[in-house]
Amino acid sequence: MEKMFESLVHDMSEALVENRNLEYSDNAVGITSLLYCPRKVTFRKEHPEIKSFGLEIDDGFLFENQVKDALYRKWPKNTIDEYVATYSSKKGPNVEGHVDIAVDGKQTLLGIECKHTKILEHNFPYGSISGDDVLISDPDLVRRIYISPSYIEQSAIQKHLMTRQQRKPVKHYLFIKTMMNIPGLGYKKMYILRETKEDYTDEKLDRKIDQFCNDPHPRFSWECPFCAYKKHGLCEGVNLDSGIKKWNVPELEEEAVNALERYEELYAQMVQVDGYLKKALQGKNIEIPGKSGRKRKIGWVEYTDYNWDIKKAFDLIGSDLLQYLQVNWWKGNELESVLSEIVPLSNVRESSRKPKWKGLVA
């Protein structure tokens, strides 16, 4: 009986993947090819029999088909499946952007890119989402959700290509179905609608094409472990160190191991977003509510830096100054070296060991 269901699961996935067969013209690549590992383009042409399977991929196709069916029922004459927007490149392959769905209205062309993710993190204020809510479209709340920068860049390129070949105004949205941990409600399935406001240019696109042609490496550390071509032995993969070494934790329960993996993933995302914000905020800062309700600033915050004249302060109040000072840990080794030549270090310090939590986030 188990074998029957294993076969059933495989057939279900295979049917979804086979129905999703995007075709590109000669000397043309898709937008995702520019954003991820460029080697996949060659492998895809040479080995069309190899497909990527996974429940996340299945859920993505199912969600996309569900949205398309609903739009076809509502606007059968105006809905366009896999709207193709093109860009002719002078330095490399042309780009053919396949927008999941477009709705051609009288005044506006609407583009929709569908995504289905396992979970999305956020920093919603308590009570901002009710138990009856299923769609988050308020821009102030959407800004509080961490959405993959590659999704946003893909959407920006799609919008740019659509605008280049249209005379009417173009609106573009990311439509996401995901799981979210809502304060007071627990884990809840939600839809997210994010309007694509980012601008893209031909110059940016040319740089992406140039990188595609000259840098054959994957763009993200997670690509190789999930790559079907690596699993089939066609590519050895590239070891892109995400900054965190894998751990050896055979004694931990499965739930703890899963939590560690999730912790690593969130940290990698945080490092990526932190780097983006340093440039995007351009010297500004914003206030957000902290866990205790007190506001905290994020961004470029000015601090007053003091350089004390320790010798002058000691001349004024003597040894009483010592109660206000601590050893400079940057020079701890130097202090040890100087003192150890005079007395045993145990004469001037005590040591003790005690456990202290050390996480990835400072």
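Okay, here's what the table says:
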| item | result |
| --- | --- |
| P(r), alpha carbons of the range 106-161 - 5 Å bins starting at zero, rounded % | 4, 13, 21, 25, 16, 11, 7, 2, 0 |
| For the chain, with +1 on Lys and Arg beta carbons and -1 on Asp and Glu, the positive-most of Val9, Ile145, Leu120 along the dipole | Ile145 |
| Label point distance in nm, Ser352-Val9, each placed 7 Å from Cα along Cα→Cβ | 5.2 nm |
| The range 36-85: trypsin sites (Lys or Arg not before Pro) in DSSP coil with no more than 16 other Cβ atoms inside 10 Å | Lys51, Lys77 |
| Leading residue at positive end of dipole, the range 65-117 (Cβ point charges), from Thr108, Thr79, Asn94 | Thr108 |
| Per DSSP, loop GluC sites (Glu not before Pro) in the range 166-210 with at most 14 further Cβ within 10 Å | Glu198 |
| For Glu121, residues with placed amide H under 5 Å, excluding near neighbours | Tyr146 |
| Values of log10 I(q)/I(0), in the order q = 0.13 Å⁻¹, for the range 271-358 under a Debye, Cα-only, solvent-free model | -0.87 |
| Rel. contact order, % - alpha carbon contacts under 8 angstrom, at least six apart, the chain | 14 percent |
| Sites His232 and Trp75 - FRET efficiency at Förster radius 45 Å, r taken between beta-carbons, to 0.05 | 0.60 |
| Coil-residue GluC sites (Glu not before Pro) of the range 1-107, DSSP, other Cβ within 10 Å capped at 13 | Glu23, Glu49 |
| Cα shape, the range 1-140, gyration tensor, a/c 1.5 rule | oblate |
| Whole-angstrom Cα spans of the range 265-316 along principal axes, big to small | 52, 26, 24 |
| Relative contact order for the range 123-185, counting Cα pairs under 8 Å that sit 6 or more residues apart, in percent | 46 percent |
| Inter-probe distance in nm under a simple model that places probes 7 Å from Cα toward Cβ, at Ser88 and Lys311 | 7.5 nm |
| Highest-fluctuation residue, Leu34, Leu55, Leu110 considered, GNM on the chain with Cα pairs under 10 Å | Leu55 |
| Burial order of peptide ranges 144-157, 332-345, 118-131 (average beta-carbon count within 10 Å, highest first) | 144-157, 118-131, 332-345 |
| The chain - accessible surface per residue (Å², probe 1.4 Å) | 72 Å² |
| For the chain, the Rg and Dmax computed from alpha carbons only, in angstrom | 27.1, 90 |
| Accessible area of the chain belonging to carbon and sulfur atoms, whole % at 1.4 Å probe | 53 percent |
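The values are calculated or read from the model by the stated rules, or taken from the named source; none is laboratory data. These figures come from a predicted structure and were not determined experimentally. Reconstructed Cβ throughout: ideal geometry from the backbone, glycine too, with neighbour counts over all protein chains shown. Side chains are part of the model used for accessible areas, which takes the heavy atoms of the whole protein and leaves out ligands, DNA and RNA. Shrake-Rupley method; radii C 1.70, N 1.55, O 1.52, S 1.80 Å.
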